[in-house]
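A short write-up of the structure that comes next.
The values are calculated or read from the model by the stated rules, or taken from the named source; none is laboratory data. Please read all numbers here as calculations on a predicted model, not as lab measurements. All Cβ positions, glycine included, derive from the backbone under ideal geometry; neighbour counts span all protein chains shown. Accessible surface areas use protein heavy atoms only, side chains included; no ligands, DNA or RNA. Shrake-Rupley method; radii C 1.70, N 1.55, O 1.52, S 1.80 Å.
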Amino acid sequence: MLRSLRFRLPALFLAGIVVSGLVAAVVAFQLFQSYTLKRAKDELRREATGVTRLYVAQANSSNDPVPAPQLEHATGDRIYYVPPGPGFDLFPGNRTAHLRTLPRSVLDWTAINQGKTLQFDFRPPGSNQTYLAVAHPLSLGKSKSKSIFGALIVAKPKDQLENRVVPLLERLGLALLGGLLVAAILGVYISRRLARPVLDLSRAADDLSRGRYDVTVPRVRGGDEIGHLADRFREMASRLSEAEQQERNFLMSVSHELRTPLTAIRGHVSALREGVVEDLESAARSLEIVEAEAQRLERLVGDILDLAKLDAHRFTVLREEVDMEQLVGQAYETFAEQARERSIDYRVDVRSHPVIVSDGDRVLQIVDNLLSNAFRATPDGGRIQLELAQENSTVHVAVEDNGPGIPDEQRERLFRPFVSGDGGTGLGLAIAKELSGALGGRIELRSQVGRGSRFELLLPV
């Protein structure tokens, strides 16, 4: 279960939320702590300035000073007085101020004499608490001849600052728990949404590995990457099923193609061996049939080998000068007798006389395959035209027939191996297409259902 995608996705999601929440909590805590400390220092600085001015005003007048406990109650902070020397009394003979005193050692007296305000931490005598304090110099006299008569300290226990942070930590904890709950719900939902189609695809892949190509691939809504994967997987399963069917059809076609000439050869050989054929003319005719069927077998095996070499990219292409007019004429003569026997209007139209640098035997093989396909598709009494032309640096060899034509949905599949709609092995056009690519050219197809097709081979000069 721990290795399951359903567990890993929400676990990783929750882990990411927890880590993010903890990092955010630490950062927020440090920022709040820094803000609280800065604010406390600013407050102490303002209070120290105000209390110092108050006592300076009262020292310069005959009014009684405000008792320190009242000021401490009003500010919530402690007030201390650091005299400039032993036995110094800021308000001689008046004890109503009740100022707590501290020794000079708690301050940098040099800085105080320079009129500087100090910020520091200290622990008062007899106390276990640490205080955050601000010391303000107390100066009396006129502005040009002021003298330092000690310093007033306003202090705040640091525990109070920490108490301000505790509520923040409680709220951050509640927010983190709420975020974890929401993240858990989202993690479970997302894991189910993502894992279910992935697991379905995994089961479908297992079925495919067992040879079951009729698997049902689930459709994923949303158009995301999982949906794209499911669509491509469905297309792959369809292509595998189609490839299996093509292979089965090919084996049936090849078996039939092999059995037909083998049956004819065996029949004629048996007749010759058993003496059924007595006269020399009949024997010669039987031998001609045996030779023709053997050549048919050789072509079939050669086509299969050529296709295998092309698929494996182990095909050698020669470079030589090729007289295209002579090559087209040779291809035309190969099928002239078949056209005469089937009363097909078979014509050749040579519009130019190009000479190209290519592999002549392979170019002739392509044209023969195109003509063979046209003769299979054209009914007796039909029309087939072979054309040769040149436009700029491209040679065009076209084979046009008036057969049944090819529907649009079948054109893409037509050049795949083992696909045939006319009883052939389905190798001719596949080989022609691969060979044309190997020679640097291509084959274009234009067809109209009910009016025929036009296959055009384009080769560079």
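Looking at the structure I just gave you, is L386 touching a Phe, Trp or Tyr at 6+ places or on another chain (Cβ under 7 Å), within 21 Å of L429 (Cα to Cα), touching a residue at least 60 places away in the same chain (Cβ under 8 Å) and outside any loop (DSSP other than H, G, I, E, B)? No.
Any residue in the stretch 32-44 that is over 60 Å from the mean Cα position of the chain (by Cα) and free of Cβ contacts under 8 Å to residues at least 40 places away in the same chain?
Of all residues in the stretch 32-44, those over 60 Å from the mean Cα position of the chain (by Cα) come to none.
Taking every residue of the stretch 32-44 in turn, none turns out to be over 60 Å from the mean Cα position of the chain (by Cα) and free of Cβ contacts under 8 Å to residues at least 40 places away in the same chain.
Looking at the stretch 303-320 only, could you name the residues that are at pLDDT 80 or above and assigned to a loop (DSSP other than H, G, I, E, B)?
The first filter runs over the stretch 303-320 and keeps only residues at pLDDT 80 or above, leaving 318-320.
Passing the criteria: L318, R319.
For V269, the requirement of being surrounded by 11 or more Cβ atoms within 10 Å (Cβ to Cβ), closer than 29 Å to I431 by Cβ and among the hydrophobic types (A, V, I, L, M, F, W, C) is not met.
Scanning the stretch 356-371 for residues that are open to solvent by 40 Å² or more (accessible area, probe 1.4 Å) and touching a residue at least 60 places away in the same chain (Cβ under 8 Å) yields V357, R362.
With the requirement that a residue be in contact (Cβ under 8 Å) with a residue 12 or more places away in the chain, in a helix (DSSP H, G or I), open to solvent by 20 Å² or more (accessible area, probe 1.4 Å) and under 21 Å from G452 (Cα atoms), what does the stretch 327-348 give you? Across the stretch 327-348, the qualifying residues are Y332, Q338. Residues in the stretch 217-229 that are modelled with pLDDT under 75 and open to solvent by 100 Å² or more (accessible area, probe 1.4 Å): R219, R221, E225. Within the stretch 200-214, the set of residues being open to solvent by less than 70 Å² (accessible area, probe 1.4 Å) and at pLDDT below 75 comprises Y213 only. The strands (runs of 3 or more DSSP E) located wholly in the stretch 95-178 that include 1 or more residues which are open to solvent by less than 80 Å² (accessible area, probe 1.4 Å), at pLDDT below 85 and of a type outside the set (V, I, T) occupy 131-140, 147-157. The test for being hydrophobic (A, V, I, L, M, F, W, C) and under 25 Å from R248 (Cβ atoms) holds for F415. Being of a type in the set (S, T, Y), within 30 Å of A204 (Cβ to Cβ), at pLDDT 75 or above and out of contact with any Leu (no Cβ under 6 Å at 6 or more places or on another chain) is a property that does not hold for S270.
Being in a strand (DSSP E or B) and open to solvent by 50 Å² or more (accessible area, probe 1.4 Å): is that true of E291 here? Lay out the reasoning, then the answer.
Numbers: in a strand (DSSP E or B): no; open to solvent by 50 Å² or more (accessible area, probe 1.4 Å): yes.
It is false that E291 is in a strand (DSSP E or B) and open to solvent by 50 Å² or more (accessible area, probe 1.4 Å).
The set of residues in the stretch 437-461 that are in contact with a Leu (Cβ under 9 Å, 6 or more places away or on another chain) and on the phi > 0 side of the Ramachandran plot contains only G440.
Screening L300 on (1) open to solvent by less than 70 Å² (accessible area, probe 1.4 Å); (2) at pLDDT below 85; (3) over 30 Å from V395 (Cα atoms) shows it passes everything except condition (3).
Taken over the stretch 379-401, residues that are farther than 12 Å from S352 by Cβ, open to solvent by less than 70 Å² (accessible area, probe 1.4 Å) and touching an Asp or Glu at 6+ places or on another chain (Cβ under 9 Å) amount to 8. Taking each residue of the stretch 306-322 that is within 21 Å of I356 (Cβ to Cβ) and open to solvent by 80 Å² or more (accessible area, probe 1.4 Å) and looking for partners that are modelled with pLDDT of 65 or more and basic (K, R) with beta-carbon atoms closer than 9 Å, six or more apart or interchain, yields T316/K309; L318/R362. If you go through the stretch 59-89 and keep only what is crowded, with 16+ Cβ neighbours inside 10 Å and free of Cβ contacts under 8 Å to residues at least 24 places away in the same chain, you end up with L71, E72.
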